[in-house]
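The values are calculated or read from the model by the stated rules, or taken from the named source; none is laboratory data. Note that the coordinates shown come from a computational prediction; the quantities given were computed from them, not determined experimentally. Heads up, the Cβs are rebuilt from the backbone with ideal geometry, glycines too, and the neighbour counts pull from every protein chain shown.
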Amino acid sequence: MGLDKNKLTIFTDVMDTKLQEASVVPSIAKGVFRGQIVRGGTVDILGTEDVTIGQYNGTITHQSMTGTEQKVLIEKKPYFSIKLGYDDLSQVPTNEVSFLTGKAGKALALDVDKNLVLLAGKAKITVSGVIADVTGAFTGLATAFDIANVGMGDRAALLSPNVANTLVAEQGAKLQGEKASEYVYQGYLGEYMGVQVFKSNSIGKTTTVANCLGVDMSALILAKSYDQVDQVAGVDFFGSALRGLLVYGVDVVETEAGLSDRIVAFNIDEA
């Protein structure tokens, strides 16, 4: 059926591996959701409501953890398709295919980071003003997390490379010494003021101001329904093509319509 008859190779788990290596989102998206993950479908994010404690007097009132019933559409569909050559299909070197698979897979993975950064538009809490130093920024961020009752183990910050490297220069040995093995993303730096710190090239920037982001990891989800890279025979040329597709949805629990106190926006002066 169409291209499917011309498939030469299916590279299993390639995209999943690249997501883990090149995207910050799989490391910090620890929110719980329910529903069947299918392309074009939706899932519900479960809320972050606290468990109610009662005083027993002979009867028990059951709490219903219904969640927010916030629908997340599995709608992001970035892809790539690369011509590998016009000659005999066997002429395409294996190392070339592996190289292009890794390069393209990383580009797809970074698309996920960009959509995470777009969630800054939902930030209900913004640390006011442009903060001149990293320590001041983290003081405001930690306070915002405290006010939102974000658990100490669920706090993450995404910094621009410049801000992140400044933090490393200031805190160096201490920050690097707190790396945790469960974080496989290459941009993970360690923990600072109770916040897991990551750097990302996807962080927005206005002139010399970095638009950094704080995230409650327990309120962020990544629902991935499909990822595949395969090599197919060209249908409009003599040769083969390498193509890949990633289908996913990423979102954060909203605490009111369109806004969330689980995302904190803060600006740091890079000048």
Seminar exercise, completed: Scanning the range 169-191 for residues that are surrounded by 15 or more Cβ atoms within 10 Å (Cβ to Cβ) and over 16 Å from V24 (Cβ atoms), the one modelled with the highest pLDDT turns out to be Q171
For this session: Only residues in the range 124-151 that are farther than 23 Å from K30 by Cβ and modelled with pLDDT of 75 or more count as the first member; pair them with residues that are part of a helix (DSSP H, G or I) and of a type in the set (V, I, T), Cβ under 6 angstrom, at least 6 apart or cross-chain, and list the lot.
Result: V134/T166
Problem set entry | Residue in the range 212-222 that is of a type in the set (G, A, S), surrounded by 19 or more Cβ atoms within 10 Å (Cβ to Cβ) and assigned to a strand (DSSP E or B) present | yes
For this session: Considering only residues that are hydrophobic (A, V, I, L, M, F, W, C), more than 23 Å from T255 (Cβ to Cβ) and not in a loop (DSSP other than H, G, I, E, B), look in the range 57-101 and name the one that is modelled with the highest pLDDT.
Result: F80
For this session: Give the range 142-171 a look and list any residue that's over 17 Å from L189 (Cβ atoms), among the charged types (D, E, K, R) and under 22 Å from the mean Cα position of the chain (by Cα), or say none.
Result: D154
For this session: Kindly indicate whether V197 is surrounded by 23 or more Cβ atoms within 10 Å (Cβ to Cβ), modelled with pLDDT under 85, of a type in the set (A, V, I, L, M) and on the phi < 0 side of the Ramachandran plot.
Result: no
Problem set entry | Residue under evaluation L3, criteria (1) modelled with pLDDT of 80 or more; (2) more than 30 Å from L159 (Cα to Cα), criterion not met | (1)
